[in-house]
Each structure stands twice: as structure tokens, then as C-alpha cells.
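The structure under discussion appears below in the form of C-alpha cells.
The values are calculated or read from the model by the stated rules, or taken from the named source; none is laboratory data. Computed from a predicted model, the values in this text were never measured in an experiment. In this analysis, Cβ positions are derived from the backbone assuming ideal geometry, glycine residues included, and neighbour counts consider all displayed protein chains. To get the accessible areas, we keep the full protein, side chains included, count just its heavy atoms, and leave off ligands, DNA and RNA. Shrake-Rupley method; radii C 1.70, N 1.55, O 1.52, S 1.80 Å.
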Amino acid sequence: MVEHGAHHPSITELVYPAANFALFVALIVWQGRGPIKEFFRARTERLREALAAGATARKEAEALRAQLQRDLADLPALRERLKNDLRATAERERDTLLEQARVAAERIRNDARLLADQETAAAQRDVRAEVIDEAIRSATAIVRESLTPADQERFVRDFAGAARPQA
């Protein structure tokens, strides 16, 4: 077996890569300084905007939470106000309906009164006509019974005399 000895690098083996690396770093710094600065500046701006948006959102959320807490605290009073409003609206509707019912009942009473007056007047006319017809029948029967043949002749003469033309 052959033993290998330890390898000791020469100075040129160390200097060339180091010089190459230094040139590479210098080139990156020289050419990349502007884009790197711009990248970090834009990143910083994005972070600031995100932080500002987060702060704004946090403030809005806190304001919303406070509003919700106020609304929750006011909920029983709101419920009472709504109940009172509904009760007042129902009472107004009830009063309106009662007034409409009173007006309708009065109109029905007036119509019934008018119809009753008309029916009464018609019944009076019918009764009067029946009484008159019965009086005429009775008078005719009485006249026929009490009329004698002499009365009939006298009526005919008087009628004929009245019907003659006057000269």
C-alpha cells in the first residue's frame, strides 16, 4: 500500500480563488447596489403600508367592537322602544278601525231608517188604497141596495138632460 502524504496547497492555489471571490463581490456590489437598495426600499415601503393598513384595520375593528358593545348594552332599551312603538301603532289601528266601524254602523242605521220610512210610506199607501177600494165597494153595495127603480129613472133623465146641448 502506498501512503499518500498530506497535500499542502500552494499560495497561488489560495490567492487566485480569493481574488476571484473578491472580484465577484466587488462586481455584485458595484452592479447590484441600486437594485438591492430599491428592493429593500420597496420592501420597507410595503411593510410600512401593511403595518399602517393593519393599524387602520385594528382601529376600525376596535371601533366596531365598541359600537357592538354599545348596541348590546342598548338592546333591552331598543326592545322596549320597539314594543312601545308596536303597541302605539296597534292602538292607532284599533282606534281607526273602531271609528270606521262607527261610521259604517251609523250609515247602516241611516240606510235602515230611510228604508223603513220608505216601507212605512208604501204600506200606508197600500192600506189607504185598500181602505178606499173597500169604501167604494161598500158604498156601491149600499147605493145598489137603497136605489129604487124610480131613482134610476130620475138619474137617467138628469143625465140625458145634462148631456143635451144647450141652445
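Worth pointing out:
- Degrees between helix 149-163 axis and first principal axis of the chain (Cα, 0 to 90, nearest 10): 70 degrees
- Percent accessible area from carbon and sulfur atoms, the range 1-97, protein chains only, probe 1.4 Å: 65 percent
- Annotation: the range 3-52 has a Kirkwood hydrodynamic radius of 14.5 angstrom, from the mean reciprocal C-alpha pair distance.
- Helix axis angle, 11-146 relative to the chain longest principal axis, alpha carbon, degrees: 10 degrees
- Net charge dipole size for the chain [Lys, Arg +1 and Asp, Glu -1 on Cβ; Debye, nearest 20]: 860 debye
- Label-to-label distance, nm, for residues given as S10 and T44 (7 Å Cα→Cβ offset): 4.9 nm
- The Rg/Rh ratio for the chain is 1.97, where Rg is the radius of gyration of the alpha carbons and Rh is the Kirkwood radius.
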